[in-house]
Amino acid sequence: MSLLRSVRSAASDEAGGEHLVLIRELLAERDAEATALVGDATDILENIGAGVQPKLVVLFAPDSTPDLDVSRVRAVLPYAQLLVLGVVNDVHMFRALLAAGASDYVTIPSDRDTLASAIDRLLGAAAAASAAAPAAAPSGLGSVVVVVGTRGGVGTTTTAITLAWLLGEEAGKRTALVDFDLQFGTVALSLDIDPGRGLRDALEQPERIDGLYIDRATVKIGANLYALSAEEAIEEPLSYDPAAAGVLIDELRRKFDWIVIDLPRGETGLAQAILALANYTMIIADSTLAGLRDTLRLNALAMASNPDQRVMVLKGGALGNRGGVSRAEFEKELGRPLDAAIPSDPKAAMEAANAGQPLPQAATNSPAVAAMRQIMSRLDGSTPKGRKLKLSQLLKLSTFFNRP
């Protein structure tokens with residue numbers, strides 16, 4: 001059955017209709033109708049069937065903000081070559097579309113040769129990708145875990161590093177750890193590695209991102225763990241489109257089983273772009289009034305960005321016992337129980353930081369590591385190693401994973 005669709009919005013547009021007829025002809029000449037999907041964003045999202053993965057998508061996006069349509073389509077069709085047809089002839093628009101996930105952009109009206117060249121190039125790229133690696137289903141993409149703290153000092157980075165290490169080194173899954181705080185992030189410092197410029201360059205020039213770029217930009221930490229971070233000068237302003245983060249994450253999902261993201265607070269545009277791709281979001285909270293307020297706000301932001309993800313609220317280890325709001329009151333305002341509490345182990349955390357090692361490597365029997373092992377095992381489905389948690393802790397933890 002052919003995947004070729006027409007565009008409803010183009011039916012009353014003579015130029016759009018003519019180009020769709022021409023695209024059909026070009027695809028038919030190349031015997032590519034069965035592997036191509038053509039339409040506006042609404043048609044594509046409504047008509048895409050379960051398990052359907054076209055090699056080429058031609059997206060007709062005549063509106064002034066086609067990058068939003070590209071992001072929507074790319075989210076459900078991550079593997080396809082994506083050719084966008086639009087009416088705005090502007091280099092900034094072209095870069096915005098690339099950052100959103102487009103493979104190429106052609107303005108219309110356009111001639112037959114231009115469209116044919118674009119289609120040939122993208123069909124060739126699709127064929128090369130198929131030859132280089134076995135075809136993967138959408139379920140084969142890596143899973144994204146976003147870790148974000150309500151306050152500084154609640155243990156967000158420690159949690160992200162610990163989870164990434166456990167997934168990579170104990171569960172044996174290829175894992176990428178990404179620190180999106182380009183100026184004040186501490187992942188590189190905590191692991192005693194060179195942060196490099198790969199992350200900044202990727203965000204400022206998303207058109208460069210491919211598998212080879214990822215290989216060069218990431219730093220190998222263990223047998224299966226890789227890190228991507230930065231340490232940019234604080235006096236130098238950063239300039240990038242938050243949508244570029246989505247391009248980077250999409251490529252990481254093709255190469256890694258798990259992507260663990262240390263997400264900074266305060267950059268809403270960046271947070272929305274990243275949370276939109278999250279499978280899980282872990283909010284690390286303390287029991288202060290401000291911590292409760294920001295837990296509610298981060299929870300709302302995560303669900304608005306991607307209502308299909310699972311949001312987990314963890315009581316932070318570093319400041320988890322600081323007063324202000326009782327657990328009962330916290331859970332009442334949250335509307336559900338906390339999913340887990342990460343025990344405080346400041347001595348082990350300090351030793352790990354001084355050694356430039358992940359907490360599970362520096363203090364494998366720490367109660368904080370034991371708690372994270374249980375969380376990791378629920379995410380990954382593996383059997384946790386080391387010290388086990390009490391039954392009461394496991395029952396509290398299971399409420400998140402058993403929630404429909």
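Quick note: the coordinates plus some simple rules give every number you see, no bench work behind them. Just so we're clear, the structure is a prediction, and the values are computed from it rather than from any experiment. FYI the Cβ positions are ideal-geometry reconstructions off the backbone, even for glycines, and counts take in every protein chain you see.
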Provide the gained length on full extension for the span residue 213 to residue 192, in nm with one decimal, where the gain is 0.36 nm per separating residue minus the Cα-Cα distance. 5.3 nm
Testing the spin-label approximation: label points 7 Å from Cα along Cα→Cβ at residue 127 and residue 234. State their distance in nm. 5.5
Label-point separation in nm, residue 29 to residue 331, each point 7 Å along Cα→Cβ: 6.7
Residues of type aspartates and glutamates that residue 173 reaches as a straight line, Cα spacing below 18 Å, ignoring anything fewer than 8 places off in the same chain: 215, 250, 251, 257, 380
Go ahead and run the numbers for FRET between residue 18 and residue 220, Cβ-Cβ distance against an R0 of 51 Å, rounding to 0.05. 0.45
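For segment 142-401, what is the relative contact order in percent, using Cα pairs closer than 8 Å and at least 6 residues apart in sequence? Don't jump to the answer; show the numbers that get you there.
Working: 508 pairs, mean separation 63.9, N = 260.
Once divided by the residue count of segment 142-401, the mean separation gives 25 percent.
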Roughly how far apart, in whole Å, are the Cα centres of segment 249-289 and segment 296-375? 15
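What shape does segment 142-401 take by its C-alpha gyration tensor, where a ≥ b ≥ c are the square roots of the eigenvalues and a/c under 1.5 counts as rounded, a/b above b/c as prolate, and the rest as oblate?
prolate
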